[in-house]
Amino acid sequence: MRQRVFGTTGRSVAIVGQGTWPVPDRDALRRGIDLGLTHIDTAEMYGEGRSEEIVGEAIAPYPRESLFIVSKVLPSNATPRGIVRACEASLRRLGTDYLDCYLLHWRGDPSLADAMRGLEGLVRAGKIRSLGVSNLDPWDLREARGALEREPIACNQVLYNLGERTIEDHEEPWAREHGAALVAYTPLGRPRGARGEAVLAEIALAHGATVEAIALAFLLRFENAFVIPKANRIAHVEANARAADIVLHADEIAAIDRAYPVRERTGALPTN
Ligand code: NAP
């Protein structure tokens, strides 16, 4: 499984991870881990804690250090005391005593500064190894960074797929400039136009891969990018694992770029 350094953490992490929303399948997660998909994304929100419990069951037989576990705090819990309680509850459900990265799920009430200081306190307390954010645009990211005393923002997890590429002009450059990982959620989303499908199918044939694997490989062409597809079907897990080994040629990237062009962003950062 191809790995790369996850933002500012210094950790080598599988470029294809496993999503867990709304509720994952324990055996599919284990198949993924066995194939090297050791990067697992979850959140207290998913299934109101049920996803974290299933992840906890799935990871129990594996050495903890071999895994990269990410969870997220709801903005409503990101108060100075609430964030400690929320993190401890996530750790209990996951059956672990630390998270590799803990993210603010999106910007909400209370303040972004409180959330960032809360995350920083959890790093100091040894409950999380790094902190990150999700669904923040460069303006929010600047504010979040300004509220942190010394910890860097390890990643920004954003909606990124062939149908939604506006982050390439906004959040991706920010991440690259600040050494942060760019984590693509809902990476398999795409408009189902015949022309685009034909382009993907031809490239997939050349690589002996599925069109979904080609879509993931396209997102992974950025050196700081990770994808976290969610798959409950074992065949999907296996196809996603194979995506990590696909490196697209420049002419293939150009063909996909033409078929699924970047649109100009007209409003706020799109979310799912
Ligand atoms: P996704 O991963 O793009 O798509 C999931 C769907 O694709 C499922 O129906 C799955 O089917 C199918 N699938 C998976 N692998 C496939 C393959 N190789 N070929 C064909 N179909 C395949 O969308 P998502 O679940 O919305 O996003 C992924 C993860 O991102 C979530 O699970 C969650 O962890 C995270 N997320 C984060 C946010 C945020 O705000 N930070 C928001 C949304 C999602 P089966 O399950 O039947 O295999």
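Quick look at the values:
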{"item": "Some residue of region 129-139 being over 16 Å from C101 (Cα atoms), among the charged types (D, E, K, R) and either crowded, with 24+ Cβ neighbours inside 10 Å or within 14 Å of the ligand (Cβ to nearest atom) (or both)", "result": "yes"}
{"item": "Any hit, region 4-21, residues being surrounded by fewer than 20 Cβ atoms within 10 Å (Cβ to Cβ) and within 12 Å of the ligand (Cβ to nearest atom)", "result": "yes"}
{"item": "Every residue from region 176-202 that is among the hydrophobic types (A, V, I, L, M, F, W, C), within 15 Å of the ligand (Cβ to nearest atom) and more than 16 Å from the chain's Cα centre (by Cα)", "result": "L200, A201"}
{"item": "Cross-chain or 6+ apart pairs with Cβ under 7 Å, region 25-49 first and farther than 23 Å from I128 by Cβ and open to solvent by 20 Å² or more (accessible area, probe 1.4 Å), then away from the ligand (no atom under 11 Å from the Cβ) and in a helix (DSSP H, G or I)", "result": "R26/I54; R26/E57; R26/A58; R30/A58"}
{"item": "Filtered residue count, region 208-223, keeping only those that are in contact (Cβ under 8 Å) with a residue 40 or more places away in the chain, open to solvent by 30 Å² or more (accessible area, probe 1.4 Å) and touching a helix residue (DSSP H, G or I) at 6+ places or on another chain (Cβ under 7 Å)", "result": "1"}
{"item": "Considering residues of region 76-102 that are of a type in the set (A, V, I, L, M, F, W, C) and closer than 18 Å to E48 by Cβ only, the residue surrounded by the fewest Cβ atoms within 10 Å (Cβ to Cβ)", "result": "A89"}
{"item": "Any hit, region 224-239, residues being in contact (Cβ under 8 Å) with a residue 24 or more places away in the chain and away from the ligand (no atom under 12 Å from the Cβ)", "result": "yes"}
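Quick grid of which residues meet (1) assigned to a helix (DSSP H, G or I); (2) modelled with pLDDT of 95 or more; (3) over 19 Å from N156 (Cα atoms):
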{"site": "E212", "(1), (2), (3)": "yes, yes, yes"}
{"site": "F222", "(1), (2), (3)": "no, yes, no"}
{"site": "H236", "(1), (2), (3)": "yes, yes, yes"}
{"site": "I246", "(1), (2), (3)": "no, yes, yes"}
{"site": "E264", "(1), (2), (3)": "no, no, yes"}
{"site": "N272", "(1), (2), (3)": "no, no, no"}
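The values are calculated or read from the model by the stated rules, or taken from the named source; none is laboratory data. These numbers come from a predicted model, not from an experiment. For neighbour counting, all protein chains shown are included, and Cβ atoms are generated from backbone atoms with ideal geometry for every residue, glycine included. Just so you know, the surface numbers come from the protein's heavy atoms only, side chains and all, with ligands and any DNA or RNA stripped out. Shrake-Rupley method; radii C 1.70, N 1.55, O 1.52, S 1.80 Å.
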